[in-house]
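Here is the structure we will look at.
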Amino acid sequence: MKKIITVIISTLFLAAAALAQTVAIRNVNVIPMDTERVLANQTVIIKDGLIAEIGPKVKIPKGANVIDGTGKYLIPGLADMHTHLMSDDAEFPKSIAEDELKVMIANGVTTIRLMIGTPDQLVLRAKSARGEIIAPTIYAASPHLTGREQGNDFVVNTPEEARDAVRKSKAAGYDYIKFTTFIKADVYEAAVDEAAKIGIRIVGHADSRFVGLDRALKARQQIEHLDGYLEALLADNAPMKGSVSDLYIYDPKNWESLDYVDMSKIPLIAKRTVESNPFVDPTQHFMKNTFGLPRTEESVRAQPDFRFYPKKKQDFYLNYMKRTRLNQVPLEKRAKWVAIKDKLIRAIYDAGGKILAGSDTPEFLWLYGFSMHRELKALNDAGLSPFAALEAATRNPALFFGTIRTTGTVEKGKQADLILLNSNPLVDISATERRAGVILKGKYYSQTELDRWLDEIAPRIAGSLDEK
Ligand SMILES: [Zn+2]
């Protein structure tokens, strides 16, 4: 009983604290992200979790928490459109989940789309929505539909199993149906049909050997990782059908197909993509730096992410990097693969696509939060302007979620999920890594405080496998 009362009181307290605080950011440069522009020397009033006022001559209410924004830039909070939690994995204690979500907040990630659903995520989603935990706004895809058992999944090998998995996912309250791999074409078609019938959107991989890009585009699926695109680019006279998407990345033989890529096919594929579903989440930083560019143990150890991983995971991935068969693939070929993917991203953007920024963390020692900024840089490096890269984590996710009227830009009346930056990200996208503070649901956290969270959380997550 006492525990229940404590929970009730702390819940009320959290909710009241969020409501009570009025924040005024004085003399700040606002980057609203509606169009590419900077509104200089604005005062932004944040009240009851919303942006109450923006203007050059706004009066600051009495008792407000006043933040000096001089020389700083205010942007929308970032949305990570593809992430997972370590605590999704049964090996980890569930108790670390709230710490994991705080790592994201400390990095300015105020909205996430969890891409392989678990029942625990639905609880976290509800707690976050009610303001009971300090966490991003959460969207959760279903447990993944797959042809082979892989954990947190629905193994679907008949059309009826697929329909059943779709119905169960919808009934449980998941936001999207997630596909991964080894799903046979007729099973996929059944899932797509059922999802359309009951009204739930489909997202995820497009297994190039089973489903294929054509079928996924026809189904208007929102595709992750540019899966299936390399195969679709193979020249008509190529001696193979397979290429380097998805799990097929791991077989060095498949990389030979890169000699048969027909780049002249890119514009048409980009056009067809946008006609099918303009939202494309390439997770390019993850793909490029995990499988494309070489990574040294020194560079991995030097990342701020490293200290958050239990030793067992650090050793596992460092060992993987030494032993992977990918090391047999010439670096030149891997660089070519990155360049092709960059060209695809740029072409889809130019064709009118809405690129989404997804980190695909926390595998391979890339941690959520930190990796979000690397993804923005990767999109910029692929040829998107800093503004377009920032759109991929702000405005475009809001369009995808259907919440553009309340999130995704810095405008009066919108939800106050914001980041205060020390320099202009439209000039240099890596400015998102130099933060003065983060505003979550109207509450301001200085980066000094957020960095303290990270120092406290890192040993807790890293030690979480010892305790269990
Ligand atoms: Zn993923």
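Structure values in brief
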| item | result |
| --- | --- |
| Restricting region 367-392 to residues that are part of a loop (DSSP other than H, G, I, E, B) and surrounded by 22 or more Cβ atoms within 10 Å (Cβ to Cβ), the residue that is farthest from the ligand (Cβ to nearest atom) | LEU384 |
| Unique residue being out of contact with any Asp or Glu (no Cβ under 7 Å at 6 or more places or on another chain) and aliphatic (A, V, I, L, M) when the list is ALA357, ALA335 | ALA335 |
| In region 169-211, residue nearest to the ligand (Cβ to nearest atom) [restricted to those that are at pLDDT below 95 and of a type in the set (Gly, Ala, Ser)] | ALA206 |
| First in region 350-364 and farther than 16 Å from ILE112 by Cα and of a type in the set (Phe, Trp, Tyr), second anywhere and more than 14 Å from the ligand (Cβ to nearest atom) and at pLDDT 95 or above, Cβ under 6 Å, 6 or more apart | PHE364/TYR317 |
| Those helices (runs of 4 or more DSSP H) lying entirely in region 395-468 with at least 3 residues more than 19 Å from ASP80 (Cα to Cα) and at pLDDT 95 or above | 447-462 |
| Output for region 113-163, where each listed residue is over 24 Å from THR283 (Cα atoms) and among the basic types (Lys, Arg) | LYS127, ARG130, ARG163 |
| Hits in region 347-366 (condition: of a type in the set (Gly, Ala, Ser) and either within 16 Å of the ligand (Cβ to nearest atom) or assigned to a helix (DSSP H, G or I) (or both)) | ALA347, ALA357, GLY358, SER359 |
| Criterion: among the hydroxyl-bearing types (Ser, Thr, Tyr) and more than 20 Å from the chain's Cα centre (by Cα) - qualifying residue of TYR176, TYR139, TYR73 | TYR73 |
| Leading residue by the ranking (farthest from ARG220 (Cα to Cα)) among those in region 233-290 that are away from the ligand (no atom under 16 Å from the Cβ) and of a type in the set (Lys, Arg) | LYS253 |
| Flag if ALA416 is buried (at least 24 other Cβ atoms within 10 Å of the Cβ) and either within 16 Å of the ligand (Cβ to nearest atom) or of a type in the set (Gly, Ala, Ser) (or both) | yes |
| Residues being more than 16 Å from the ligand (Cβ to nearest atom) and either touching a residue at least 60 places away in the same chain (Cβ under 8 Å) or touching a strand residue (DSSP E or B) at 6+ places or on another chain (Cβ under 9 Å) (or both) - total across region 215-232 | 6 |
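The values are calculated or read from the model by the stated rules, or taken from the named source; none is laboratory data. Quick caveat: nothing in here was measured; it's all calculated off a predicted structure. Backbone-built Cβ (ideal geometry, glycine too); neighbour counts: all protein chains shown.
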